[in-house]
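Here's the structure we're looking at; comments come further down.
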Amino acid sequence: MNTITILIFALVTLSIFLYVFILNGTWPKSSNFTLDFNKIRELADASKDELPTHINHLIIATGELPSWGVVAGDFGNNYPIEFPSFQLVYQDKTAIIEVPFNNKLFNKFPYGKSFSQDAYEMMQKALLQAEFIIPTHEHWDHLGGIAQSDNIQKLLPKLVLTEKQKNGPTIKDAEFPEHSLDRFQAISYEKYYRVAPGLVLIDAPGHSEGHQLIFIKLQNGQEILFTGDILWVTSNLKKQKARPLIANMKRHENRKLISHQMKWIYDEFYSNKDQKILMLTTHDPDQHMEYKEKGILHSEFQLTNDSQH
Ligand SMILES: [Zn+2]
């Protein structure tokens, strides 16, 4: 082979590599992911008094992801992300959705920007007062604040964790103390699971083996669907592009499942202007800001004055 042939061969190989691993964000033409909202509503149903009144939002940490790792083929500015916790407030109880990592684990995250110790401590107090604690999935930025909590023994009985989450390969990054989950009673369910009035879990593996969506119905009738980490930011919808394969591989994601879920979100929420259910991604600061302005998310967590806590 002469030099030119070698060069051409190298260029072609490099182009294929770039396309397959970095640039290709094509998602399916039609999605095979579906949800039965009639069934979900049936499960969530309760008398008005029993439903949650509102959702509080607390930012524990922030970060910035390289654009090309979030939206395939996007070489624009980095995407700001946040690591929030959500407090679902009922008349007589609270539930916490998402429990981001502590400062120790956050410092291992390569794209971190800021960490609020005050917010983390507020979340820890709210966890002690909560009746249920529910992560969308088993990753450290959704569960690490339990694994790392000084009060882990008090929190575990309230933790709603599925068998798939408990046994998934990525829960290890949350660094639960050794043997702390040995006797933990995980739940397992087929497709839908009612935790409490107005609060239903939906099995949606892809981003992780135990990834799930969380459907909420509030007293005022507003319905919200937490879509966890199917999307980190809604820019994938605007650009109609999935994450690059290299990002899927790094996180042990099932590219096929998550691409169908992204396309489903696009059809169901982004291009369907009649959709009244609000889709909430865990990490998108712009979306959370918009929901705060609309009064859908509220600032800070509420604590009761119970001296026991
Ligand atoms: Zn996450």
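The values are calculated or read from the model by the stated rules, or taken from the named source; none is laboratory data. Note that this is a predicted model, so its numbers are computed, not measured. Note that each Cβ is placed from the backbone with ideal geometry, even for glycine, and that neighbours are counted across all protein chains shown.
What pairs come up if the first residue lies in the stretch 169-186 and is of a type in the set (Val, Ile, Thr), the second is surrounded by fewer than 16 Cβ atoms within 10 Å (Cβ to Cβ), and their beta carbons are under 8 Å apart, counting only those six or more places apart or on different chains?
That search, which allows pairs on different chains as well, returns Thr170/Arg251; Thr170/His252.
Could you list, in sequence order, the residues of the stretch 66-110 that are under 18 Å from Ala174 (Cβ atoms) and of a type in the set (Ser, Thr, Tyr)?
Once the filter is applied, which keeps residues that are under 18 Å from Ala174 (Cβ atoms) and of a type in the set (Ser, Thr, Tyr), the stretch 66-110 yields only Ser85.
Does the stretch 64-100 hold any residues that are under 15 Å from the mean Cα position of the chain (by Cα) and closer than 21 Å to Gly25 by Cβ, and which are they?
Listed by number, the residues that qualify are Val70, Ile81.
Checking Gly210 against (1) within 16 Å of the ligand (Cβ to nearest atom); (2) in contact (Cβ under 8 Å) with a residue 12 or more places away in the chain; (3) outside any loop (DSSP other than H, G, I, E, B), which test does it fail?
For Gly210, the failing item is (3).
Yes/no per residue for (1) surrounded by 10 or more Cβ atoms within 10 Å (Cβ to Cβ); (2) more than 24 Å from the chain's Cα centre (by Cα); (3) in contact (Cβ under 8 Å) with a residue 24 or more places away in the chain:
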{"site": "Thr3", "(1), (2), (3)": "no, yes, no"}
{"site": "Ile8", "(1), (2), (3)": "yes, yes, no"}
{"site": "Val12", "(1), (2), (3)": "yes, yes, no"}
{"site": "Ile16", "(1), (2), (3)": "yes, yes, no"}
{"site": "Phe21", "(1), (2), (3)": "yes, no, yes"}
{"site": "Asn32", "(1), (2), (3)": "yes, no, yes"}
{"site": "Leu43", "(1), (2), (3)": "yes, no, yes"}
{"site": "Ala46", "(1), (2), (3)": "yes, yes, yes"}
{"site": "Pro52", "(1), (2), (3)": "yes, no, yes"}
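Using beta carbons and a limit of 6 Å, which pairs, at least six apart or on different chains, have the first residue in the stretch 272-295 and within 16 Å of Gly221 (Cα to Cα) and the second one assigned to a loop (DSSP other than H, G, I, E, B) and within 16 Å of the ligand (Cβ to nearest atom)?
Pairs found: Met279/Thr227.
Name every residue in the stretch 18-39 that is outside any loop (DSSP other than H, G, I, E, B) and either of a type in the set (Val, Ile, Thr) or under 16 Å from Leu231 (Cβ atoms) (or both), in order of residue number.
Val20, Ile22, listed by residue number.
Only one of Lys250, Lys276, Lys294, Lys239 is within 16 Å of the ligand (Cβ to nearest atom) and surrounded by fewer than 20 Cβ atoms within 10 Å (Cβ to Cβ); which?
Matching residue, one of Lys250, Lys276, Lys294, Lys239: Lys250.
Out of curiosity, is Gly73 in contact (Cβ under 8 Å) with a residue 40 or more places away in the chain, on the phi > 0 side of the Ramachandran plot and of a type outside the set (A, V, I, L, M, F, W, C)?
So Gly73 passes the test.
Output the number of residues of the stretch 45-103 satisfying the condition of being more than 23 Å from Val195 (Cα to Cα) and part of a strand (DSSP E or B).
Looking only at that region, the number is 12.
Residues are listed down the side, and each one gets a yes or a no for (1) within 16 Å of the ligand (Cβ to nearest atom); (2) among the charged types (D, E, K, R); (3) farther than 28 Å from Pro80 by Cα:
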{"residue": "Leu159", "(1), (2), (3)": "no, no, yes"}
{"residue": "Asp182", "(1), (2), (3)": "no, yes, yes"}
{"residue": "Val195", "(1), (2), (3)": "no, no, yes"}
{"residue": "Ile202", "(1), (2), (3)": "no, no, no"}
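How many residues are surrounded by 19 or more Cβ atoms within 10 Å (Cβ to Cβ) and free of Cβ contacts under 8 Å to residues at least 60 places away in the same chain if we restrict to the stretch 253-265?
Count: 3.
Tell me, please, whether a residue that is hydroxyl-bearing (Ser, Thr, Tyr), closer than 20 Å to Ile55 by Cα and at pLDDT below 95 can be found in the stretch 288-303.
Yes, that holds for at least one residue.
Could you check, for the stretch 178-187, whether at least one of its residues is part of a helix (DSSP H, G or I), among the aliphatic types (A, V, I, L, M) and more than 20 Å from Phe215 (Cα to Cα)?
No, the stretch 178-187 contains no residue that is part of a helix (DSSP H, G or I), among the aliphatic types (A, V, I, L, M) and more than 20 Å from Phe215 (Cα to Cα).
Determine, yes or no, whether Ile224 is more than 16 Å from the ligand (Cβ to nearest atom), out of contact with any strand residue (DSSP E or B) (no Cβ under 6 Å at 6 or more places or on another chain) and β-branched (Val, Ile, Thr).
Answer is no for this residue.
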